[in-house]
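First comes the structure, then the notes that go with it.
The values are calculated or read from the model by the stated rules, or taken from the named source; none is laboratory data. The structure displayed is predicted, hence computed values, not measured ones. Glycine gets a Cβ as well: all are built from the backbone with ideal geometry, and neighbour counts include every protein chain shown.
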Amino acid sequence: MKDDNFLREMNARHIWHPMGHPGEQQSNAPKIIKGAEGVEIVDIDGHRTVDAVGGLWCTNLGYSNDAIKQAISDQLWELPYYSAFAGTSNPPAIEASYAVQEFFAEDGMTRVFFTSGGSDAVDTALRMARQYHRLRGEHTRTKFISLKKGYHGTHWGGASVNGNNRFRITYEPLLPGCYHLPSPYTYRNPFDETDPVKLAEKIAAAFVDEVEFQDPSTIAAFIMEPIQGAGGVIVPDASFMKHMREICDRYGILLISDEVICGFGRTGDWTGARHWGVKPDMMTVAKGITSAYFPVGGVLVGDKVADVFESAGSDGAIWTGYTYSAHPVGAAAVVACLSETLRLDTKTNAASRGAQLFEGVQKLMEKYDIIGDVRGGHGLMTGIELVSDQSSKTPMDMDTIKRVHQATYEAGAMVRIGGNNLLMSPPLIITEAEIDRVLTALDTGFAAA
Ligand code: PMP
């Protein structure tokens, strides 16, 4: 291994970081993470922290899962790669498809199309939605509706349905025919509605209005995260997704649940849609499907959509796919990860540790004025919104947020900055004592504001 100064210098010179400014590589140098164990990460200075972000909402089983590591290693020696484009398949991919449909049986997902990550999955799902309607003779159903503050990856399709303009404006024009509804965000919304039940009703009415305005026969799909993650951990009322399901059914619109973060136990149930008692038509997954030990994503398809493709003539062929779709090593990671996820019953731990984290952060809110809003309480997703003034809700300036972030890190917890929020999504195997460490570190961090 090269020495630390070499690593810092070469990082500044040669890596362009995703979501980073290439001109600020020196002034805004990254923390270089060299190792990890359990739920902890270690940087090149040897500083250890609890990884309260779980990588990027993805290392659900932490960093020391031997079963997944072994499965990946064994598969590398057995068959390191083969394509799964029509004409060839491989045993781990077939096993993974079986494991995935078993895992999602209660959600009605019976088919899986593997991708290399979440953005691929979203793009593929949007294409499949258009193709589904074409196959049914509804050629005009090409538009998509989604929620403001939603994050659906950064491919053109995902960016087009994305609800945060930071990821859109620089790259416009995006896909035409994409429309956005307000987010179920009680702290700030155009209706000034603070009651989550009423806000859900108002957004449902806005959905109906938008569909009628566009003409229902032009809408292909509605895509949403059951709990919005990157947008700030926005937890809707329990009625919200049910309203969306009902409106989709009323107008023949497909419901795509983007489970890239929410899937695999993070919400306290195995999927976010199940947590809200809704069965979508398709799901997009990634992250927790391998706990990030290997890059894998997927589109899950229920019978309603699958039957249309499978019974169609030649037009039913899927003309999209990735070199690494159903990669045997990734597929072996999926099989091991799903088996470990079930064995460890991570959803149950996510529910109880998530409640502990949420309550702890609510207590911090009583102590620090800079906390404007705290969101979570449904598994291990927690957002803390920082403001400079509680009554005007003015977002906190970035220098202060960075100071809090750095002090929290130094005190022992890695959290994530997203806009004026601190976001947390620790591994689902985190213990009570480790959550306490995160809370103590946050307390120190806020004191440094
Ligand atoms: N959808 C959601 C809900 C996500 O949170 C993300 C990533 N954070 C994506 C899609 C994109 O996934 P990826 O980064 O693996 O492409």
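For residues that are in a strand (DSSP E or B) and over 19 Å from T323 (Cα atoms), scanning just the stretch 276-312, find the one that is farthest from the ligand (Cβ to nearest atom). Steps first, answer last, please.
Here is the first cut: in the stretch 276-312, the residues in a strand (DSSP E or B) are 282-285, 297-302.
Subsequent filtering for residues that are over 19 Å from T323 (Cα atoms) retains 282-283, 301-302.
On the way: M282: 13, M283: 11, V301: 17, G302: 19 Å.
It comes out as G302.
Is it true that I72 is surrounded by fewer than 19 Cβ atoms within 10 Å (Cβ to Cβ) and of a type in the set (A, V, I, L, M)?
On the way: surrounded by fewer than 19 Cβ atoms within 10 Å (Cβ to Cβ): yes; of a type in the set (A, V, I, L, M): yes.
So I72 fits the description; yes.
Filter the stretch 114-134 down to residues that are more than 10 Å from the ligand (Cβ to nearest atom) and either in a loop (DSSP other than H, G, I, E, B) or more than 17 Å from L255 (Cα to Cα) (or both), then give me how many there are.
Residues in the stretch 114-134 being more than 10 Å from the ligand (Cβ to nearest atom) and either in a loop (DSSP other than H, G, I, E, B) or more than 17 Å from L255 (Cα to Cα) (or both): 1 in total.
If only one of A159, A125, A86 is in contact with a helix residue (DSSP H, G or I) (Cβ under 6 Å, 6 or more places away or on another chain), under 30 Å from A333 (Cα atoms) and modelled with pLDDT of 95 or more, which one is it?
Numbers: A125 fails: in contact with a helix residue (DSSP H, G or I) (Cβ under 6 Å, 6 or more places away or on another chain); A86 fails: in contact with a helix residue (DSSP H, G or I) (Cβ under 6 Å, 6 or more places away or on another chain).
Exactly one residue qualifies, and that residue is A159.
Please pick out the residue among I94, I72, I44 that is touching a helix residue (DSSP H, G or I) at 6+ places or on another chain (Cβ under 7 Å) and under 20 Å from L342 (Cβ atoms).
Details: I94 fails: touching a helix residue (DSSP H, G or I) at 6+ places or on another chain (Cβ under 7 Å); I44 fails: under 20 Å from L342 (Cβ atoms).
Exactly one of I94, I72, I44 is touching a helix residue (DSSP H, G or I) at 6+ places or on another chain (Cβ under 7 Å) and under 20 Å from L342 (Cβ atoms), namely I72.
Of all residues in the stretch 257-275, which are of a type in the set (D, E, K, R), within 12 Å of the ligand (Cβ to nearest atom) and in a loop (DSSP other than H, G, I, E, B)?
Once the filter is applied, which keeps residues that are of a type in the set (D, E, K, R), within 12 Å of the ligand (Cβ to nearest atom) and in a loop (DSSP other than H, G, I, E, B), the stretch 257-275 yields E259, R266.
Please verify whether the stretch 373-394 includes one or more residues that are surrounded by fewer than 23 Cβ atoms within 10 Å (Cβ to Cβ), assigned to a helix (DSSP H, G or I), charged (D, E, K, R) and at pLDDT 95 or above.
No, the stretch 373-394 has no match at all.
Residues in the stretch 313-337 that are among the aliphatic types (A, V, I, L, M), surrounded by 18 or more Cβ atoms within 10 Å (Cβ to Cβ) and more than 15 Å from the ligand (Cβ to nearest atom): how many?
Kept after step one, since they are among the aliphatic types (A, V, I, L, M), are these residues of the stretch 313-337: 317-318, 326, 329, 331-336.
Subset that is surrounded by 18 or more Cβ atoms within 10 Å (Cβ to Cβ): 326, 329, 331-336.
Those still in the list that are more than 15 Å from the ligand (Cβ to nearest atom) too: 326, 329, 331-332, 335-336.
Total satisfying the criteria: 6.
Can you pull out every residue in the stretch 267-281 that is closer than 16 Å to N349 by Cβ and in contact with a helix residue (DSSP H, G or I) (Cβ under 6 Å, 6 or more places away or on another chain)? Break it down stepwise before answering.
Let us first name the residues in the stretch 267-281 that are closer than 16 Å to N349 by Cβ, namely 267-270, 275.
Matches in the stretch 267-281: T267, G268, D269, W270.
Assuming R274 fulfils every condition listed in (1) touching a Lys or Arg at 6+ places or on another chain (Cβ under 9 Å); (2) more than 17 Å from S116 (Cβ to Cβ) apart from one, which condition is it?
Evaluating R274 over (1) touching a Lys or Arg at 6+ places or on another chain (Cβ under 9 Å); (2) more than 17 Å from S116 (Cβ to Cβ) leaves (1) as the failure.
Filter the stretch 219-249 down to residues that are out of contact with any helix residue (DSSP H, G or I) (no Cβ under 9 Å at 6 or more places or on another chain) and touching a residue at least 60 places away in the same chain (Cβ under 8 Å) and give me whichever is nearest to R141 (Cα to Cα).
Q228
Inside the stretch 1-39, can you point out the residues that are hydrophobic (A, V, I, L, M, F, W, C) and either surrounded by fewer than 13 Cβ atoms within 10 Å (Cβ to Cβ) or within 25 Å of the chain's Cα centre (by Cα) (or both)?
Filtering the stretch 1-39 for residues hydrophobic (A, V, I, L, M, F, W, C) gives 1, 6-7, 10, 12, 15-16, 19, 29, 32-33, 36, 39.
M1, F6, M10, I15, W16, M19, A29, I32, I33, A36, V39 - these are the residues of the stretch 1-39 that are hydrophobic (A, V, I, L, M, F, W, C) and either surrounded by fewer than 13 Cβ atoms within 10 Å (Cβ to Cβ) or within 25 Å of the chain's Cα centre (by Cα) (or both).
Can you confirm whether E193 is acidic (D, E), part of a helix (DSSP H, G or I) and on the phi < 0 side of the Ramachandran plot? Write out each step before concluding.
Details: acidic (D, E): yes; part of a helix (DSSP H, G or I): no; on the phi < 0 side of the Ramachandran plot: yes.
Judged against the criteria, E193 is not a match.
Out of the residues in the stretch 147-163 that are polar (S, T, N, Q) and within 11 Å of the ligand (Cβ to nearest atom), which is surrounded by the most Cβ atoms within 10 Å (Cβ to Cβ)? Even if it seems obvious, please write down each step before you answer.
So in the stretch 147-163, the residues polar (S, T, N, Q) come out as 154, 160, 162.
Then drop every residue that is not within 11 Å of the ligand (Cβ to nearest atom), which leaves 154, 162.
Values: T154: 18, N162: 28.
It comes out as N162.
Residues of the stretch 1-24 being part of a loop (DSSP other than H, G, I, E, B) and more than 24 Å from A159 (Cβ to Cβ), which ones? Write out each step before concluding.
Looking only at the stretch 1-24, we keep the residues that are part of a loop (DSSP other than H, G, I, E, B), and these are 1-3, 15-21.
If the condition is that a residue be part of a loop (DSSP other than H, G, I, E, B) and more than 24 Å from A159 (Cβ to Cβ), then M1, K2, D3 are the ones that fit.
Return the pair list, or none, for Cβ contacts closer than 7 Å from residues in the stretch 344-359 that are within 15 Å of R274 (Cα to Cα) to residues that are in a helix (DSSP H, G or I) and of a type in the set (D, E, K, R), at least 6 apart or on different chains.
Cβ pairs passing all conditions: none.
Restricting to the stretch 40-64, what's the tally of residues that are assigned to a loop (DSSP other than H, G, I, E, B) and buried (at least 17 other Cβ atoms within 10 Å of the Cβ)?
8
Can you report the number of residues in the stretch 204-256 which are among the aliphatic types (A, V, I, L, M), more than 13 Å from L147 (Cα to Cα) and outside any loop (DSSP other than H, G, I, E, B)?
7
Listed here are the residues, each with its yes/no results for (1) within 24 Å of N420 (Cβ to Cβ); (2) more than 14 Å from the ligand (Cβ to nearest atom); (3) crowded, with 18+ Cβ neighbours inside 10 Å; (4) not hydrophobic (A, V, I, L, M, F, W, C).
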residue: P173; (1), (2), (3), (4): no, yes, no, yes
residue: T194; (1), (2), (3), (4): yes, yes, no, yes
residue: F213; (1), (2), (3), (4): no, yes, no, no
residue: S217; (1), (2), (3), (4): no, yes, no, yes
residue: A221; (1), (2), (3), (4): no, yes, yes, no
residue: P236; (1), (2), (3), (4): yes, yes, yes, yes
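Which number in (1) of a type outside the set (A, V, I, L, M, F, W, C); (2) outside any loop (DSSP other than H, G, I, E, B); (3) within 16 Å of the ligand (Cβ to nearest atom) marks the one condition that E102 misses?
Answer for E102: the failing condition is (3).
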